[in-house]
Amino acid sequence: MLKSHFGLIGLGVMGENLVLNAERNGFSSAVYNRTCSKTEEFLRGRGQGKNIQGATDLQDFVGKLERPRRILIMVKAGAAVDAVIDQLSLFLEKGDLLIDGGNSDYQDTESRVKRLEGKNLGFIGMGVSGGARGALEGPSMMPGGTKASYLAVESLLTRMAAQVEDGPCVTYIGPGGSGHLVKTVHNGIEYGIEQILAEAYDLMKRIKGMKGDQIADILAQWNSTEELSSYLVEITEVCLRTKDSLDGADLVEKIMDKAGQKGTGLWTVVTALQLGAAVPTIYAALNSRVMSSMKSQRIAAESSLKGPAVKDCDLGSSSDAMSPLMDAVVLSCVASYAQGMELLRIASSSLDYSLHMPSIAQIWKGGCIIRSRLLKRIQDAFNTDPQPVNLMMDSWFVYQVNQRLPGLMKVVAGAAEAGVPVPCFSSTLDYINSYRTGRLPQNLVQAMRDCFGSHTYQRLDKDGSFHTEWLS
Ligand code: NBP
């Protein structure tokens, strides 16, 4: 049998769809999965009649690939990736190239790139976004590693990727673990937008008493606007319209209100804290998932900790697309992107990644979970100024903030009076209010620190470090 162009290890949801994508684009493929029965099942099912051959062990798999070998690893992130690399390395030869397409920690990727490039093997750490469907039809891909390794797989990746008006949704991200860092931050932004839409749903449901279809109608209106047209708004509308086949009621109302928060969302926040980047909207989304997991405590507290009775407030009406609520959603989404981009800008400089911000916005415009029309505005902003201090200072975004801030304030105030939690909306409001305040109260924090710990402080009116004997 002829040797295959491309190899894939890990026939999970993503691997299966990615190999079908590669094959459809003209790359004959070989596949291997730790549990052999899955490989057989795949070849008898979706892989049947395709230019895809199966392998029973890693030596057999490597032997089926043309040289230099190009192998995509799609297994669970963490120890499984190292296990696969270690076993596979025994059979690889100089010039062969591995791509880890899972959601790996960018610091693990940093060390894998060094370890494998040191053995004359190429290694790319690549974020892949788009879920099962994106993997099959065209995902957004974020490959990092050496430029030489990227060039060796560029034609494969550009053909597999989603396409938008200005090109494929893949580009060389940068050295080391940069591809996985960018994917991590992509997922942090995704956490933010998901929570923002959940808060909007909760307010419409609890304060206005709206049902799934009525809320979905509002989302359909939002999805037709430049500011909110996006994949996540689109699928949220679908989720809200879906009925339970058992009784025809809204299916979302039957789903347990608990969400996990390990992996990329957590890493986004930890990395931001380590690098000194402010990501309060994204952090609020992560924290909301933590709070959601305390289901039994929340049920117990419901009867003891008394808040106000839920009462009406001005969220707008269906005839104006719930205008103040839309303002809150738009500004919170803008804040999620702005915070994620700011984190990437700071990481790029701290880690020497030389990230090209307009290209990152460009490859997120299609294929991935956070794709949206807003990303065109973000791309334009970074094309105008590749290193803006903050996306919100671009003229189009300045206009959005100034127009929509009163709406966001109204919604946060109304939610507070009604006792309904809106962590992303309120964090966004604090973020914007802090960012636009020339003098914050940290002068008093510095005074306290000097008072109890002689930490010294700086003055506005003269240079140097100062200490006062506050308690004498
Ligand atoms: P999973 O994350 O569920 O991983 C399943 C695959 O990992 C199977 O092929 C399994 O083999 C293999 N595997 C495991 Br688990 N431990 C292994 C080990 N020690 N050695 C060899 N193989 C091992 O699959 P997935 O959802 O397709 O995700 C793959 C990667 O892509 C993950 O890092 C994920 O975070 C990332 N990702 C997922 C999505 C998504 O929407 N699902 C999107 C973007 C990225 P087995 O069959 O023998 O158990």
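Return yes when residue 38 is touching a residue at least 12 places away in the same chain (Cβ under 8 Å), surrounded by fewer than 23 Cβ atoms within 10 Å (Cβ to Cβ) and near the ligand (Cβ under 10 Å from one of its atoms) and no when it is not. Reasoning before the result, please.
On the way: touching a residue at least 12 places away in the same chain (Cβ under 8 Å): yes; surrounded by fewer than 23 Cβ atoms within 10 Å (Cβ to Cβ): yes; near the ligand (Cβ under 10 Å from one of its atoms): yes.
Criteria met by residue 38.
Here residue 141 meets the list (1) assigned to a strand (DSSP E or B); (2) surrounded by fewer than 21 Cβ atoms within 10 Å (Cβ to Cβ) almost entirely, failing just condition (2). Checked against (1) among the small types (Gly, Ala, Ser); (2) in contact (Cβ under 8 Å) with a residue 40 or more places away in the chain; (3) surrounded by 23 or more Cβ atoms within 10 Å (Cβ to Cβ), residue 162 passes all but a single condition, namely (3).
Test each condition in (1) part of a strand (DSSP E or B); (2) over 22 Å from residue 126 (Cβ atoms) for residue 41 and report the one that comes out false. Failing condition for residue 41: (1).
Check whether at least one residue in segment 70-88 is assigned to a loop (DSSP other than H, G, I, E, B) and away from the ligand (no atom under 15 Å from the Cβ), and report yes or no. No, because not a single residue in segment 70-88 is assigned to a loop (DSSP other than H, G, I, E, B) and away from the ligand (no atom under 15 Å from the Cβ).
The combined condition, being of a type in the set (A, V, I, L, M, F, W, C), away from the ligand (no atom under 16 Å from the Cβ) and in a helix (DSSP H, G or I), is not fulfilled by residue 181. Looking across segment 298-346, the residues that are of a type in the set (Lys, Arg) and part of a helix (DSSP H, G or I) come down to 298, 345.
Please indicate, with yes or no, whether at least one residue in segment 381-388 is surrounded by 14 or more Cβ atoms within 10 Å (Cβ to Cβ) and modelled with pLDDT of 95 or more. The answer is yes; a qualifying residue exists. Of the residues examined, residue 194 is one that is of a type in the set (D, E, K, R), in contact with a helix residue (DSSP H, G or I) (Cβ under 7 Å, 6 or more places away or on another chain), within 15 Å of the ligand (Cβ to nearest atom) and assigned to a helix (DSSP H, G or I). All conditions but one from (1) more than 20 Å from residue 333 (Cα to Cα); (2) out of contact with any Pro (no Cβ under 6 Å at 6 or more places or on another chain); (3) in contact (Cβ under 8 Å) with a residue 12 or more places away in the chain apply to residue 245; the one that does not is (3).
Each residue in segment 112-137 was checked for being away from the ligand (no atom under 14 Å from the Cβ) and part of a loop (DSSP other than H, G, I, E, B), and 4 pass.
Would you confirm whether or not segment 54-73 contains a residue that is surrounded by fewer than 21 Cβ atoms within 10 Å (Cβ to Cβ), polar (S, T, N, Q) and either free of Cβ contacts under 8 Å to residues at least 40 places away in the same chain or over 21 Å from residue 130 (Cβ atoms) (or both)? Yes - at least one qualifying residue is present in segment 54-73. For segment 56-76, check the following and say yes or no: at least one residue is small (Gly, Ala, Ser), in contact with a Phe, Trp or Tyr (Cβ under 9 Å, 6 or more places away or on another chain) and either at pLDDT 95 or above or within 29 Å of residue 181 (Cβ to Cβ) (or both). Scanning segment 56-76, I find at least one residue that is small (Gly, Ala, Ser), in contact with a Phe, Trp or Tyr (Cβ under 9 Å, 6 or more places away or on another chain) and either at pLDDT 95 or above or within 29 Å of residue 181 (Cβ to Cβ) (or both), so the answer is yes.
Criterion first (assigned by TED's automatic domain parsing to the domain that holds residue 200, out of contact with any helix residue (DSSP H, G or I) (no Cβ under 8 Å at 6 or more places or on another chain), more than 19 Å from residue 237 (Cα to Cα) and part of a loop (DSSP other than H, G, I, E, B)) does residue 262 satisfy it? Give the steps one after another, and end with the answer.
Values: assigned by TED's automatic domain parsing to the domain that holds residue 200: yes; out of contact with any helix residue (DSSP H, G or I) (no Cβ under 8 Å at 6 or more places or on another chain): yes; more than 19 Å from residue 237 (Cα to Cα): yes; part of a loop (DSSP other than H, G, I, E, B): yes.
Here the answer is yes, as residue 262 does meet what is asked.
Hey, can you tell me all the residues within segment 244-265 that are surrounded by 13 or more Cβ atoms within 10 Å (Cβ to Cβ) and more than 20 Å from residue 131 (Cβ to Cβ)?
Here is the first cut: in segment 244-265, the ones surrounded by 13 or more Cβ atoms within 10 Å (Cβ to Cβ) are 244, 250-252, 259, 261, 263-265.
Listed by number, the residues that qualify are 244, 250.
Applying a threshold of 7 Å to beta carbon distances and a minimum spacing of six or more residues, or different chains, the list of pairs starting in segment 333-359 at a residue that is surrounded by fewer than 23 Cβ atoms within 10 Å (Cβ to Cβ) and of a type in the set (A, V, I, L, M, F, W, C) and ending at one that is at pLDDT below 95 and outside any helix (DSSP H, G or I) reads 357/386.
Within segment 1-35, which residues are surrounded by fewer than 18 Cβ atoms within 10 Å (Cβ to Cβ) and part of a loop (DSSP other than H, G, I, E, B)? Explain how you work it out, then say what you get.
So in segment 1-35, the residues surrounded by fewer than 18 Cβ atoms within 10 Å (Cβ to Cβ) come out as 1-3, 12-13, 24-26, 34-35.
Selection gives 1, 2, 3, 12, 25, 26, 34, 35.
Please verify whether residue 406 is at pLDDT 95 or above and touching a Ser or Thr at 6+ places or on another chain (Cβ under 6 Å), treating the condition exactly as stated. So residue 406 does not fit the description; no. Checking each residue of segment 287-295 against the condition of being assigned to a loop (DSSP other than H, G, I, E, B) and either at pLDDT 95 or above or within 28 Å of residue 105 (Cβ to Cβ) (or both) gives at least one match. When residues in segment 89-111 are screened for being more than 10 Å from the ligand (Cβ to nearest atom) and closer than 30 Å to residue 272 by Cβ, 9 of them pass. Would you say residue 318 is modelled with pLDDT under 95 and farther than 30 Å from residue 145 by Cβ? Here the answer is yes, as residue 318 does meet what is asked.
The values are calculated or read from the model by the stated rules, or taken from the named source; none is laboratory data. Source: prediction; values computed, not measured. Cβ sites come from the backbone with ideal geometry, for glycine too, and all protein chains shown count toward neighbours.
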